[in-house]
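Reviewing the structure listed below.
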Amino acid sequence: MMVLFILFFLILAFLSFPRMSKVKLKCKRNYPKSLPSLPLIGSLLHFVGDTKPHLLFCRLQQRYGSLYSLYMGSDYVVVVNSYLHAKEVLLKKGKIFAGRPRTVTTDLLTRNGKDIAFASYSPFWKYQRKLVHSALCMFGEGSLALEKIICQEASSLCETLSAALDSPLDMSPELTRAVTNVVCSLCFNSSYQRGDPEFEAMLKYSQGIVDTVAKQGMVDIFPWLQFFPNKELTLLRKCVEMRDQLLQQKFEKHKEEFSNDSVSDLIDALLRAKLNMENNNSHILSGQGLTDDYLLMTVADIFGAGVETTTTVLKWTVLYLLHYPEVQQKIQEELDQKLGFNRHPLLKDRQHLPYLEATISEVLRIRPVSPLLIPHEALQDTSIGEYDIPKGAQVVINLWSIHHDEKEWEKPEEFSPDRFLDEDGNRIYTPSPSYLPFGAGVRVCLGEALAKMELFLFMAWILQRFTLSVPEGQTLPDPEGKFGVVLQVPKFKVKASLRKAWEKK
Ligand code: PLO
């Protein structure tokens, strides 16, 4: 038994060693203070117990200061908890820190980094991102068509709420379908009806991916674990396969029907870019083509990010409205005054509904979608503040700490939309530079404008008609959240009641 144990340990050491040498710390350098670490497992003993990583990293500041380092297995990780350092990483030295560490789960999700969110920085990546950016601008932001699509989905969502009036309803699948249909229109020029089996399958695989990918799990820390039976990895493989099948099908159909003269969605736009690139024999990309793999992974990214993030924020917003009925009432009063009941909300109302906008901003502060963002990697030897950072270091931005920093936010634990309003309550403003819900710099969220449009319109439509409350006999949902690639909202039910003024309509 003992021999076996020693053998196992030696193999483990052997397998981990090459990775250990990835980051070389040099003598006489001023590296960030490090948590104690052991060979092989690094600082993992700190992670025993079920404290969520963002909360643990936040708490560790008391002992190690706002910038410190640790070892995840043999990976050298620097944790940033202050906005000044975060801005240096994301903005001032954005390009230097634009790398991404490769992990087993994200490689599986993205065919070894052929997407945008999890792929490391390269000239090709820059081109790929630019392409998506222009496609999103073309179909989305600012265009009336998108507003129409969102309003259509909002209207259908309100119909579903009407059908379940006064009885407990899990809004999660309904919100997901509404958001999915907006992204579907954008990407595939299609949408889902209620109960569509393809949509149900999508819900299932997406949950499987969120549960398993990029959550600082063991298999990402000790990659050799992938060669042993692993339940989570099996689930991830199955879900990725389901996703790929679904996307491949849509992709093939678009390829068959493609015409250069009628580009009506994101896939068409990417196909056109591919054709142009092939015709121009583009040099910048040194032989790397926009292969089907890249196109598919790009669409998968936009689709996944577009659905999962916005749905999560909508669910957090509903959860907070249940906890703070007075906030809900204030939004409704504002809606009644500025909009009335004779027409539905439109994007042009955004500037006239500052309290609703402030509430959405506050939700994004108190429960950031991605509390640790996605880890960055230093592409060369560099520094943060007075500290040296070696090439290859992973840099984790703890947005949670930044959004809950007492030096920047008065009573950060309190949910208070008013902090985003001026004294007269008429204008929305950002009270602290310590507010980065969409990240910043070269890797800033591509969907910020789209997300803000959706959050505003969906909430305005719902609250114009309904008051949301906790169903009788049920308790308020827990606001803590489950850590993962997004901060997940617990399952809960809501009672939607038709507002008095709307009844009279
Ligand atoms: C969500 C589940 C999907 O099935 C796949 C997917 C793709 C892109 C990911 C997204 C997931 C989670 C949220 C991410 C997004 C890219 C950018 C976004 C990580 C895993 C954030 C919050 O940074």
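The values are calculated or read from the model by the stated rules, or taken from the named source; none is laboratory data. Remember, predicted model here, so these are calculated numbers, not experimental data. Note: ideal-geometry Cβ built from the backbone for every residue, glycine included; neighbour counts use all protein chains shown. The accessibility values were calculated without ligands, DNA or RNA, using every heavy atom of the protein model including side chains. Shrake-Rupley method; radii C 1.70, N 1.55, O 1.52, S 1.80 Å.
Think of segment 34-117 as a dipole: +1 on every Lys or Arg Cβ, -1 on every Asp or Glu Cβ, centred on the Cα centre; then among 34, 89, 73, 89 lies furthest on the positive end. When you filter the chymotrypsin sites (Phe, Trp or Tyr not before Pro) in segment 386-477 for DSSP loop state and at most 12 other Cβ atoms inside 10 Å of their Cβ, you are left with 429. The shape of segment 144-286 comes out oblate: with a ≥ b ≥ c from the C-alpha gyration tensor, a/c is at least 1.5 while a/b does not beat b/c. Projection of the Cα convex hull of segment 422-505, averaged over all directions and equal to a quarter of that hull's surface, yields 9.1 nm².
What shape does segment 113-171 have by the C-alpha gyration tensor, where a ≥ b ≥ c are the square roots of the eigenvalues, rounded means a/c under 1.5, and otherwise prolate means a/b greater than b/c and oblate the rest?
Since a/c reaches 1.5 but b/c is at least a/b, the shape of segment 113-171 is classed as oblate.
The spread of Cα positions in segment 353-416, taken along each principal axis and listed from longest to shortest, comes to 46, 22, 17 Å. List, in order, the whole-Hz ³J(HN,Hα) value for each residue of segment 446-458 obtained from phi through the Karplus relation with A = 6.51, B = -1.76, C = 1.60 and θ = phi - 60°; use x for Gly and Pro. Values, residue by residue: 7, x, 3, 5, 4, 4, 5, 5, 5, 4, 5, 5, 4 Hz. Each of 161, 363, 440 was placed along the dipole of the chain (beta-carbon charges, centred on the mean Cα), and the one lying farthest toward the positive end is 440.
For segment 362-420, trypsin sites (Lys or Arg not before Pro) meeting the loop criterion (DSSP other than H, G, I, E, B) and having at most 15 other Cβ atoms within 10 Å: 391, 407. Working note: Karplus 6.51/-1.76/1.60 with θ = phi - 60° gives segment 200-217 the couplings 4, 5, 5, 3, 5, 5, 5, 4, x, 5, 4, 6, 10, 8, 6, 10, 6, x Hz, where Gly and Pro are set to x. Based on the alpha-carbon gyration tensor of segment 48-120 and its eigenvalue square roots a ≥ b ≥ c, which shape applies: rounded if a/c is under 1.5, prolate if not and a/b is larger than b/c, or oblate? Note, shape of segment 48-120 comes out oblate.
Within the same chain, aspartates and glutamates fewer than 8 places from residue 330 are excluded, and of the rest, those with a Cα less than 13 Å from its Cα are 357, 418. With helices as the sole contributors, the chain gives -15500 deg cm²/dmol at 222 nm; each DSSP H run of n ≥ 4 counts as -39500 (n - 2.57), and the sum is divided by every residue. Eigenvalues of the alpha-carbon gyration tensor of the chain, scaled by 5 and square-rooted, set the equivalent ellipsoid semi-axes at 38, 29, 23 angstrom, largest first. For residue 326, the solvent-accessible surface with a 1.4 Å probe is about 100 Å², rounded to the nearest 10.
DSSP assigns beta bridges within the chain; of those with both partners inside it, close to 75 percent run antiparallel.
Heavy atoms of the protein chains alone define the surface here; on that basis segment 37-152 has 43 Å² accessible area per residue at 1.4 Å probe size. The accessible surface of the chain, taken with every protein chain in place and a 1.4 Å probe, is 55 percent carbon and sulfur. For the pair segment 208-284 / segment 102-127, the C-alpha centres are spaced 10 Å from each other.
Taking the Cα centre of the chain as origin and assigning +1 to Lys and Arg Cβ atoms and -1 to Asp and Glu Cβ atoms, the resulting dipole is close to 1300 debye. In the context of the full set of protein chains, residues of segment 395-505 present 46 Å² of accessible surface per residue (probe radius 1.4 Å, heavy atoms only).
All C-alpha pair distances within segment 271-372, sorted into 5 Å bins from zero, spread as 2, 10, 14, 14, 12, 9, 8, 8, 9, 7, 5, 2, 0 percent across the bins.
How many angstrom lie between the C-alpha centres of segment 394-453 and segment 334-390? Cα centroid of segment 394-453 versus Cα centroid of segment 334-390: 6 Å apart.
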